[in-house]
Ligand SMILES: [Zn+2]
């Protein structure tokens, strides 16, 4: 993964996770949760990619009433039930990109992973 060289300045781990929200995309430490690098969401969601991507709800969403309300509106389910769908989306980027963008643009933070193909 391209960000495997990143090291968290706070806890020194290399467990990086991507979080998409609005039109932004943040790489943050998966261990302590500190954001360490930001880039554009569009840039990482190339529409023609066959690379498998997984999107999960950010579990910290329960601390974000506005985003939680958006989830309940989008899915018609309590946040806890949507959180239990793990992952929320999984597949080649070309097939799940639109869903990820729609959810992220609605202001709901998603954690993105690219599972290794091995
Ligand atoms: Zn850290």
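The values are calculated or read from the model by the stated rules, or taken from the named source; none is laboratory data. Keep in mind it's a predicted model, so treat the numbers as computed, not measured. Note: ideal-geometry Cβ built from the backbone for every residue, glycine included; neighbour counts use all protein chains shown.
Report yes if some residue within the range 17-27 is in contact (Cβ under 8 Å) with a residue 60 or more places away in the chain and surrounded by fewer than 13 Cβ atoms within 10 Å (Cβ to Cβ); otherwise report no. The answer is yes; a qualifying residue exists.
Which of the helices (runs of 4 or more DSSP H) found entirely inside the range 19-118 contain at least 2 residues meeting this: touching a strand residue (DSSP E or B) at 6+ places or on another chain (Cβ under 7 Å) and under 30 Å from residue 9 (Cβ atoms)? Answer list for the range 19-118: 41-44, 93-105.
Could you identify the single residue in 48, 63 that is loosely packed, with under 11 Cβ neighbours inside 10 Å, at pLDDT below 80 and either within 16 Å of residue 101 (Cβ to Cβ) or away from the ligand (no atom under 16 Å from the Cβ) (or both)?
Working: 63 fails: at pLDDT below 80.
Of the residues listed, the single one that is loosely packed, with under 11 Cβ neighbours inside 10 Å, at pLDDT below 80 and either within 16 Å of residue 101 (Cβ to Cβ) or away from the ligand (no atom under 16 Å from the Cβ) (or both) is 48.
One residue stands out in the range 96-118 among those that are without any contact (Cβ under 8 Å) to a residue 40 or more places away in the chain and surrounded by fewer than 14 Cβ atoms within 10 Å (Cβ to Cβ): the one that is nearest to residue 53 (Cα to Cα), namely 98. Can you confirm whether residue 76 is exposed (fewer than 12 other Cβ atoms within 10 Å of the Cβ), on the phi > 0 side of the Ramachandran plot and outside the structural domain of residue 24 (by TED's automatic domain parsing)? It is true that residue 76 is exposed (fewer than 12 other Cβ atoms within 10 Å of the Cβ), on the phi > 0 side of the Ramachandran plot and outside the structural domain of residue 24 (by TED's automatic domain parsing).
Could you go through the range 67-74 and let me know if any residue there is within 16 Å of residue 114 (Cβ to Cβ) and within 14 Å of the chain's Cα centre (by Cα).
No.
Taking residue 91 as the residue in question, decide whether it is on the phi > 0 side of the Ramachandran plot and touching a residue at least 60 places away in the same chain (Cβ under 8 Å). No: the conditions fail for residue 91. Collect the residues in the range 48-67 that are over 15 Å from residue 104 (Cβ atoms) and in contact with a helix residue (DSSP H, G or I) (Cβ under 9 Å, 6 or more places away or on another chain), keeping them in residue-number order. Listed by number, the residues that qualify are 48, 49, 50, 51, 52, 59, 62.
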